[in-house]
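One structure coming up, written as structure tokens, with questions to follow.
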Amino acid sequence: VQLQASGGGLAQAGGSLTLSCAYSGRSFSGYNMGWFRLAPGKGREFVAAIGWGGGRSAYGESVKGRFTISRDNAKNMQYLQMNSLIPEDTAVYYCAATPPGTGWRREDQYDYWGQGTQLTVSS
């Protein structure tokens, strides 16, 4: 089972960037997908999650209104569109998968994790 996050890099404050996550190795039918981030000196923070059909989603307070999560089940991909970036968004971003019927705001609710992709936002 593999989740591969990509798309991180260096961005300017106020700019935009899209992260991608490709998943493979098993069926993720019914799974909810999420993004977390880990900034230096902080614990892993919930960023966003999306239900299997894409109709339900949730966001952390610090990114609400700026980030948008989406998924393409036919391609086994999920995305995180990040707008109005601020330096506080600097972190390693992880994609993850949680089985149906489980909550999605805590990291211990997720069974599978990607390796992370670094985002650095400069002011």
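Zone of T102 (label point 7 Å along Cα→Cβ, backbone N under 13 Å): which residues in the range 108-123?
108-114
What does the convex hull of the Cα atoms come to per residue for the chain, in Å³?
Convex hull volume per residue, Cα atoms: 91 Å³.
Report the Cα centroid-to-centroid distance between the range 1-34 and the range 61-123 in angstrom, as an integer.
Centre-to-centre distance over Cα atoms comes out at 7 Å.
Just subtract the alpha-carbon distance of S29 and Q12 from 0.36 nm times their residue separation and send over the number in nm, one decimal.
2.5 nm
Roughly speaking, what is the stretch gain from W52 to N83, that is 0.36 nm per residue apart minus the C-alpha to C-alpha distance, in nm to one decimal? Display every interim value, and only then the final one.
Working: separation 31, 0.36 × 31 = 11.16 nm, distance 2.36 nm.
Taking W52 through N83 to full extension adds about 8.8 nm, to one decimal.
Roll a 1.4 Å probe over the protein chains and send me the accessible area per residue for the chain in Å².
Result: 47 Å² of accessible area for each residue.
Using alpha carbon coordinates only, what is the Rg to Rh ratio of the range 1-47, with Rh defined as the Kirkwood radius?
Over the Cα atoms of the range 1-47, Rg/Rh equals 1.03.
The values are calculated or read from the model by the stated rules, or taken from the named source; none is laboratory data. Note that this is a predicted model, so its numbers are computed, not measured. Note: ideal-geometry Cβ built from the backbone for every residue, glycine included; neighbour counts use all protein chains shown. SASA here: full protein model, heavy atoms, side chains in, ligands and nucleic acids out. Shrake-Rupley method; radii C 1.70, N 1.55, O 1.52, S 1.80 Å.
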